[in-house]
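The values are calculated or read from the model by the stated rules, or taken from the named source; none is laboratory data. Source: prediction; values computed, not measured. Every residue, glycine as well, gets a Cβ built from its backbone with ideal geometry; the counts of neighbours run over all protein chains shown. To get the accessible areas, we keep the full protein, side chains included, count just its heavy atoms, and leave off ligands, DNA and RNA. Shrake-Rupley method; radii C 1.70, N 1.55, O 1.52, S 1.80 Å.
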Amino acid sequence: MIRDQEILNQLLDTVSRYVRERLVPIEAQVAEENAIPEDVIEEMKEMGLFGMTIPEQYGGLGLTMEEESLVAIELGRTSPVFRSLIGTNNGIGSAAIAFEGTQEQKDTYLPKYASGELIGSFCLTEPDVGSDASSVKTSAKRDGDVYILNGTKRYITNAPRAGTFTVMARTDPDKPGASGITAFIVDANSDGITVGQSDKKMGQAGTSTSDVIFEDVKVPAKNVIGGVEGKGFYTSMKVLDRGRIHIAALSVGIAERLIKDALQFAIERKQFGKPIAEHQLIQAMLADSKTEAYAAKCMVMDASRQRDLGENITAEASCCKLYATEMVGRVADRAVQIHGGSGYMAEYAVERFYRDVRLLRLYEGTSQIQQIVIARTMIKEATF
């Protein structure tokens, strides 16, 4: 759903120009230094990019899912590192509060997420808990007006910068599954929290992920998201539905950037006396990439519109995440192939993107988890 086409066009034009003129030129610098310059972070705050999805009454832009997807596509035309920084505030780091938080929680935290004053991180994954998210072992024991948290979370995006953590912890040890998990807002400055060293990753240099260790951390009872125990897992699943469409839209944007780079190289590069773009096997790779990216975009926009209409899009969100993230991996591979030996060299962006996009098939639910979600939903909704 697009609320005001003219205003949206202005936003998309602004983001597109910022990506093209400001972010693309410093992609290599960010990868080399493994950090986004602080002045760029301040610029993104001023543009409102930290609060795109947060409701307007809390200082955000309040984008619909369709609007958010269009912006994500534009952000995908540069290194995914930049999107990762603002991604948690627009998604998993704030959405639990926006969806299920008490009024006090919304009033306290959402304006600070929207402005970028606070970075929110989402703590679900653990050393022994990945795809089986309902097996969370981090514990939260009630002690009067506080809960005592103990446990370790792993691969937490933006953890070194976080002002708050949305933590999934088990409040009822007698309930081993999803119903025993509660979501908490945890102040990152609380005593007993240790943030580990930043992980060394295959790609996406410039993003920060690390372990977060909770040792007898006291969390006020009022920081239970929604004020009710046992709803944390279900809250996290709501968060992931929207996040999966967002990641799919990002994948479309990256694919379009890769296709652009590959096409330009193919037109300029000459072999056998003519541009390699005139060779049919190169054309086949370009055509396949264009077709798949277009298909993914159609899926993303359709699912976005359905969500804006209030429909249950759990399966559709997983379809988008599965297809779009697998698609961009294939497009990246073809882009490297079209570049030939040059595609293996760090001076060309396709080399970096090839590594960067591999993560997209893993976080916020692996491709295999998406297949399971899709199939289970089909079976549950089957009528004959």
Q. Taking every eigenvalue of the Cα gyration tensor of the stretch 294-376, multiplying by 5 and rooting it, what semi-axes result, largest first, whole Å?
A. 30, 13, 9
Q. If you project the alpha carbons of the stretch 35-93 onto the principal axes, what extent comes out on each, in Å, largest first?
A. 31, 21, 19
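Pick out, in residue order, every one of the trypsin sites (Lys or Arg not before Pro) in the stretch 350-384 that is DSSP loop and has at most 12 other C-beta atoms within 10 Å; say none if there are none.
Filter output for the stretch 350-384: empty list.
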Q.
Between His279 and Asp107, what is the label-point separation in nm under the 7 Å Cα-to-beta-carbon projection?
A. 6.7 nm
Q. Considering only protein heavy atoms and a 1.4 Å probe, what is the carbon-and-sulfur percentage of the accessible area of the stretch 120-230?
A. 44 percent
**Q.** Long pairs among Lys45/Lys153; Lys238/Lys321; Lys218/Lys238; Lys137/Lys200; Lys141/Lys222, criterion Cα-Cα beyond 19 Å
**A.** Lys45/Lys153; Lys218/Lys238; Lys137/Lys200
(Q) Straight-line reach from Lys270: which aspartates and glutamates fall under 15 Å, measuring Cα to Cα and dropping same-chain residues less than 8 apart? (A) Glu278
Q: Just subtract the alpha-carbon distance of Thr14 and Glu32 from 0.36 nm times their residue separation and send over the number in nm, one decimal.
A: 3.8 nm
(Q) What's the magnitude of the charge dipole for the stretch 317-384 around its Cα centre, counting Lys and Arg as +1 and Asp and Glu as -1 at the beta-carbon? Answer in Debye, nearest 20. (A) 180 debye
Q.
Going by Cα centres, the stretch 244-279 and the stretch 150-195 are how many Å apart?
A. 41 Å
Q. At Asp4 and Cys298, where each label point lies 7 Å from the Cα along Cα→Cβ, what is the point-to-point distance in nanometres?
A. 3.3 nm
Q) Helix 5-18 versus the longest principal axis of the chain: what is the Cα-based angle in degrees, 0 to 90, to the nearest 10? A) 70 degrees
Q: Could you work out how far helix 314-339 tilts from the main Cα principal axis of the chain, as a 0 to 90 degree angle to the nearest 10?
A: 40 degrees
Q | Interatomic Cα distance distribution for the stretch 1-159, bins of 10 angstrom, percent | A | 10, 33, 34, 18, 5, 0
Q | Kirkwood Rh and Cα Rg combined as Rg over Rh, evaluated for the stretch 233-383 | A | 1.07
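Over all pairs of distinct alpha carbons, what does the Kirkwood formula give as the hydrodynamic radius of the stretch 120-230, in Å? Working shown, then result.
Values: mean 1/r = 0.0715 Å⁻¹.
So the Kirkwood estimate lands at 14.0 Å.
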Q | Accessible area of the stretch 5-115 belonging to carbon and sulfur atoms, whole % at 1.4 Å probe | A | 47 percent
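Give the calculated FRET efficiency between Thr291 and Val146 to the nearest 0.05, with a Förster radius of 45 Å applied to their Cβ-Cβ distance.
0.20
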Q) What is the calculated FRET efficiency for Asp199 to Arg22, with r their C-beta to C-beta distance and R₀ = 25 Å, to the nearest 0.05? A) 0.40
(Q) Of the candidates Ser210, Ser79, Ser94, which one comes out as most mobile in a Gaussian network treatment of the chain with C-alpha springs shorter than 10 Å? (A) Ser210
Q) Mind listing the phi-derived Karplus ³J(HN,Hα) values for the stretch 77-85, rounded to whole Hz, using 6.51, -1.76 and 1.60 with θ = phi - 60°, and x for any glycine or proline? A) 7, 10, 3, x, 4, 5, 5, 4, 4
**Q.** Restricting the stretch 61-118 to trypsin sites (Lys or Arg not before Pro) in coil, as DSSP defines it, with at most 10 other Cβ within 10 Å
**A.** none
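Let me have the 222 nm mean residue ellipticity of the chain computed from DSSP H runs of 4+ only, each contributing -39500 (n - 2.57), with the sum over all residues rounded to the nearest 500. Working shown, then result.
On the way: 12 runs with 186 residues, N = 384.
The per-residue figure over the chain is -16000 deg cm²/dmol.
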(Q) Apply the a/c threshold of 1.5 to the C-alpha gyration tensor of the stretch 64-110 and tell me whether it is rounded, prolate or oblate. (A) prolate
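So if the hydrodynamic radius of the chain is defined as the Kirkwood radius over C-alpha pairs, what does Stokes-Einstein give as its diffusion coefficient at 10 °C and 1.306 mPa s, in µm² per second? Mind dumping the intermediate values first?
On the way: Rh = 21.5 Å.
Rounded to a whole number, D works out at 74 µm²/s.
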**Q.** Kirkwood hydrodynamic radius of the stretch 159-205, Cα pairs, Å
**A.** 13.1 Å
Q: In nm, give the distance between the simple-model label positions of Ala375 and Arg355, each being 7 Å from the Cα along the Cα-to-Cβ direction.
A: 3.4 nm
Q | Heavy atoms of Thr235 accessible to a 1.4 Å probe, total area in Å² rounded to 10 | A | 10 Å²
Q) Which angle from 0 to 90°, rounded to the nearest 10, does the C-alpha axis of helix 103-115 make with the longest principal axis of the chain? A) 30 degrees
Q) Any idea of the accessible area per residue across the chain, 1.4 Å probe, to the nearest Å²? A) 46 Å²
